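Presented below is the structure to which this report refers.
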Amino acid sequence: MGCGKEKILQDETYRRALQQEADYWGQEAQLAAAKGIPFSADMQRAERMQIFRGPGLPQLQSYDPDIERLMNGEWYERLFAAVNAVSRPADVLVLACGAGGLSLELARQGHRVEGIDISPKALLVAQRFADECRKREGAVDLVYRCADLNYIKLEPKRYDAIVAWDGLHHILRLYNLMKQISFALRSGGELIYSDSVGQPLLNRLIGGTIYFVLPTRVGYATKLRIAIQGLGAVQEQMSKRSPFEGAAEGNLYHLTQLRFEILEKQRHTGIGFRAAIAGDLKDGRFRYSFLKFMKRLDDCLVRYGWLRGDHLFLRARPKL
Ligand SMILES: C[S@@+](CC[C@H](N)C(=O)[O-])C[C@H]1O[C@@H](n2cnc3c(N)ncnc32)[C@H](O)[C@@H]1O
């Protein structure tokens, strides 16, 4: 990274953008946790809910644990299996852990888990669900820490596995973070993540069209507004709310393979709006069967190379 950008990272603009990032994700976590139990905070006890995000596009956010399991269950299972294969129990670090759902699940499986995120509010939610889990199910070894992954210094040889779910694409100084991760892993340790690597235009067009046509909880007037303004408008809204959204999507794989030997990599999730389509689809008798069909279709389109997956599941080991 050139000196110019490096300077921006350290100055007031960066500080403010990071604050906004932390506030946005904290607010999302708190809004959801005020409604019930979000999947992002507790995968096992999660409930269905709908959040009104205020003015802007999209306004509604739907959470449905059954849909989350249907769409992403396979990738969560692969991540858990990969951690368990490294060591059981393992010392696990969860990067950009947000409201803590993944960290809590790993701790439930008996691992010693540390979660890091920049949002103190999201971490408060995570802490609350960890405490509730302790009361209901007994001890879990789980701690949270608020820190900036752009500038983090990790303890050398401290972890057996370092994992991330949809968080690395927010990290601007990913080169630095990858270096830290490679030092922080013990011999035989693995970096395991599933993260956004950017939506190709074709995926966005297909996803956007399906979303527009289907009966969703978001009304046709709003969808028409989205269509007229173009999908770019949704992204613009998102980057106002979360300034680092997509910051590292383009070079995530490249920067990983500079420092790591890739053990497994698979692109998944072809239709970019799949999560929104799934979450917003109106209730009806065929809702879940339709979504199962969509998921199979999507998997086939990616497997046979008709669409490029916009997420990457990866396992890697530091290069010697
Ligand atoms: C898309 S959310 C994913 C949260 C969580 N991994 C999940 O799947 O529910 C992105 C997360 O990255 C965190 N984040 C963004 N920039 C960060 C930074 N520089 N350091 C640490 N965390 C950061 C945000 O606070 C947010 O919780």
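The values are calculated or read from the model by the stated rules, or taken from the named source; none is laboratory data. Note that the structure is a prediction, hence the values are computed from the model and not measured. Every residue, glycine among them, receives a Cβ derived from its backbone with ideal geometry; neighbour counts consider all protein chains shown. Ligands, DNA and RNA are excluded from the accessible area calculation, which covers all protein heavy atoms including side chains. Shrake-Rupley method; radii C 1.70, N 1.55, O 1.52, S 1.80 Å.
Give me the dipole magnitude in Debye, nearest 20, for region 14-162 about the Cα centre, with unit charges on the beta carbon: positive for Lys and Arg, negative for Asp and Glu.
300
For the chain, what is the percent of antiparallel DSSP beta bridges, rounded to the nearest 5?
The answer is about 50 percent antiparallel.
From the square roots a ≥ b ≥ c of the eigenvalues of the alpha-carbon gyration tensor of the chain, which class results: rounded (a/c under 1.5), prolate (a/b over b/c), or oblate?
rounded
Just want the answer: with Cβ charges of +1 for Lys and Arg and -1 for Asp and Glu, which residue in LEU106, GLY305, CYS133 is farthest toward the dipole's positive end in the chain?
So the residue furthest toward the plus end is GLY305.
Which distance in nm do the two modelled labels at TYR175 and VAL143 give, with both placed 7 Å along the Cα-to-Cβ direction?
3.2
Arranged from highest to lowest average of other beta-carbon atoms within 10 Å per residue, in what order do the peptides 164-174, 11-21 appear?
Averaged packing, sorted descending, gives the order 164-174, 11-21.
How large, in percent, is the carbon and sulfur part of the accessible surface of region 3-318 at a probe radius of 1.4 Å?
Here carbon and sulfur together make up 56 percent of the probe-accessible area.
Under a point-charge model restricted to the Cβ atoms of Lys and Arg (+1) and Asp and Glu (-1), what is the dipole moment magnitude of the chain relative to its Cα centre, in debye to the nearest 20?
Magnitude of the dipole: close to 340 debye.
How high is the relative contact order of the chain? Use alpha-carbon pairs under 8 Å, at least six apart in sequence, and give a whole percent.
19
For every helix of n ≥ 4 consecutive DSSP H residues, a contribution of -39,500 (n - 2.57) applies; sum these over the chain, divide by its total residues, and give [θ] at 222 nm rounded to the nearest 500 deg cm²/dmol.
-15500 deg cm²/dmol
Using θ = phi - 60° and the Karplus relation 6.51 cos²θ - 1.76 cosθ + 1.60, list the HN-Hα couplings for region 236-251 in order, rounded to whole Hz, with x at every Gly or Pro.
Each residue of region 236-251 in turn: 5, 4, 5, 6, 6, 6, 10, x, 9, 4, x, 4, 10, 4, x, 10 Hz.
Could you go through region 140-151 in sequence order and give the Karplus-derived ³J(HN,Hα) for each residue, using 6.51 cos²θ - 1.76 cosθ + 1.60 with θ = phi - 60°, rounded to whole Hz, and x for Gly and Pro?
10, 8, 8, 10, 10, 9, 8, 7, 8, 5, 5, 10
Could you give the length gained by full extension between LEU297 and ARG225, i.e. 0.36 nm per residue of separation minus their alpha carbon distance, to one decimal place?
23.1 nm
Sequence neighbours fewer than 8 away in the same chain don't count; with that in mind, list the lysines whose C-alpha is under 18 Å from LYS157.
Qualifying lysines at Cα under 18 Å: LYS179, LYS319.
Hey, what do the phi angles of region 189-195 turn into as Karplus ³J(HN,Hα) couplings, whole Hz, using 6.51/-1.76/1.60 and θ = phi - 60°, x for Gly and Pro?
Working through the residues one at a time gives x, 10, 9, 10, 8, 10, 8 Hz.
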